[in-house]
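Below: one structure, written as structure tokens.
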Amino acid sequence: MKSIECLFERDGLPRFGLPAGLAAIYGGDFGLARPELYANFVSSVDGVVALPGADESGRVVSGNSEPDQFVMGLLRACADAVLIGAGTFRRTHGDLWLPEAVYPAAADLFANLRTQLGLRPHPLLVVVSPSAHIDPAQPALRDCLVITTPHGEARLRGTLPGGARVAVLDSQHLGGRSLLDLLHAQGLQVVLTEGGPSLVGQFLEENLIDELFLTTSPRLFGRQEGDERKSLVEGVDLGGRLLTLSSVRRHESHLFLRYSRK
Ligand SMILES: NC(=O)c1ccc[n+]([C@@H]2O[C@H](COP(=O)([O-])OP(=O)(O)OC[C@H]3O[C@@H](n4cnc5c(N)ncnc54)[C@H](OP(=O)(O)O)[C@@H]3O)[C@@H](O)[C@H]2O)c1
């Protein structure tokens, strides 16, 4: 794959000193703060991130873009945990939410980076599901934390594989702060959320997302009333919240934007 081109980068961003093979594809060095909560989405030019139907929306929206998959892999490779809502989990079948699962060609480089950063071999998958309406047979649950309610915990009891743990919060509506505190208490400081729009909306409403990585895919989907297509944020009014642009990268007609909280 041709290298991603860096068009703009703000001074003073953290730098890990990426393994050379990763820096060559990414078009430069990369780093994150610790602790940090960061989100990654791919959106069409007209702002659609989620489509109804059986397929996982991100792949459809990105058009199976290889550089987008690389960036997803890199962002996962830097995380203690990958956090998703049950809506996103229910739409993916067989996904392991690992860096190498989305971009296998860089599996060794991602592993080297995790060793360099002193991280556990794989990021922990965390699924937020108050209802616990999730398929316990999904392979990703073999190394996973499910955050649910007492009712959800009762529903899941005895169904999950050995490597899955359950944390219980006593509320149907789980606030972003309580979720983040729970993760920090478990030593999960650098957390990537891959959505979806409802979960990320909750974190944005509480102004808890430090950085947003947004791929703009050169596609238009359009929207019609009641068609269940979603934009990046669902269910909250953010009132024109301002972000700061940290970097812009390009691969052919895909743009890779990095924003930080103002
Ligand atoms: N383009 C992209 O980059 C991208 C990225 C991610 C997802 N997506 C797409 O987005 C769609 C899914 O998004 P979504 O908004 O429908 O679902 P979501 O945010 O993934 O998950 C919503 C579910 O998570 C739980 N949840 C989320 N926030 C909660 C809160 N504050 N309190 C309590 N529970 C909470 C609830 O689970 P229960 O149902 O268990 O109550 C809720 O039904 C899919 O189509 C997916 O493919 C696209």
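Of all beta bridges that DSSP places with both ends in the chain, some 40 percent have antiparallel geometry. Only Lys, Arg, Asp and Glu carry charge here, each on its Cβ (+1 for the first two, -1 for the last two); on that basis segment 1-132 has a dipole of about 320 debye about its Cα centre. Taking every alpha-carbon pair in the chain and binning the separations at 10 Å intervals from zero gives 7, 31, 38, 20, 4, 0 percent. For segment 232-248, the Karplus equation 6.51 cos²θ - 1.76 cosθ + 1.60, evaluated at θ = phi - 60°, returns couplings of 4, 10, 10, x, 9, 9, 9, x, x, 3, 8, 10, 10, 7, 9, 7, 9 Hz by residue, with Gly and Pro reported as x.
Helical runs assigned H by DSSP (4 residues or longer) give the chain a calculated mean residue ellipticity at 222 nm of -7500 deg cm²/dmol, each run adding -39500 (n - 2.57) before division by the residue total. Residues whose amide H lies under 5 Å from that of A167, counting only those 5 or more places away or on a different chain, are V146, I147, T148; hydrogens are built 1.01 Å from N in the peptide plane. Modelled this way, with points 7 Å down the Cα-to-C-beta line, the labels at M1 and A154 are 4.6 nm from one another. The figure for H173 is an accessible area of roughly 120 square angstrom, using a 1.4 Å probe on the protein chains alone. Taking the 1.4 Å solvent-accessible surface of the chain as the whole, the part contributed by carbon and sulfur is 51%. Solvent-accessible surface of the chain, averaged per residue with a 1.4 angstrom probe and all protein chains in place: 44 square angstrom.
Indicate the gyration tensor shape class of segment 106-255 (rounded, prolate or oblate), computed on the Cα atoms with a ≥ b ≥ c the square roots of the eigenvalues: a/c under 1.5 is rounded; otherwise a/b larger than b/c is prolate and the rest oblate. Note, shape of segment 106-255 comes out oblate. With kT/(6 pi eta Rh) evaluated at 25 °C and eta = 0.890 mPa s, and Rh the Kirkwood radius from Cα pairs, segment 192-262 diffuses with a coefficient of 180 µm²/s according to Stokes-Einstein. Computed 3J(HN,Hα) for segment 144-153, one whole-Hz value per residue from the Karplus formula 6.51 cos²θ - 1.76 cosθ + 1.60 where θ = phi - 60°, is 7, 10, 9, 9, 9, 9, x, 4, x, 4, glycine and proline marked x. Rounded to the nearest 5, the antiparallel percentage of DSSP beta bridges internal to segment 108-262 is 60%. Distances between placed amide hydrogens fall under 5 Å for A39 paired with T193, E211, L212, F213, all partners being 5 or more residues away or on another chain. In order along segment 46-57, the phi-based Karplus estimate (6.51 cos²θ - 1.76 cosθ + 1.60, θ = phi - 60°) of 3J(HN,Hα) comes to 8, x, 8, 10, 10, 10, x, x, 6, 7, 5, 4 Hz; Gly and Pro are listed as x.
The values are calculated or read from the model by the stated rules, or taken from the named source; none is laboratory data. None of these values were measured; they are calculated from a predicted model. Every residue, glycine as well, gets a Cβ built from its backbone with ideal geometry; the counts of neighbours run over all protein chains shown. These area figures cover heavy atoms from the full protein model, side chains too; ligands, DNA and RNA do not enter into them. Shrake-Rupley method; radii C 1.70, N 1.55, O 1.52, S 1.80 Å.
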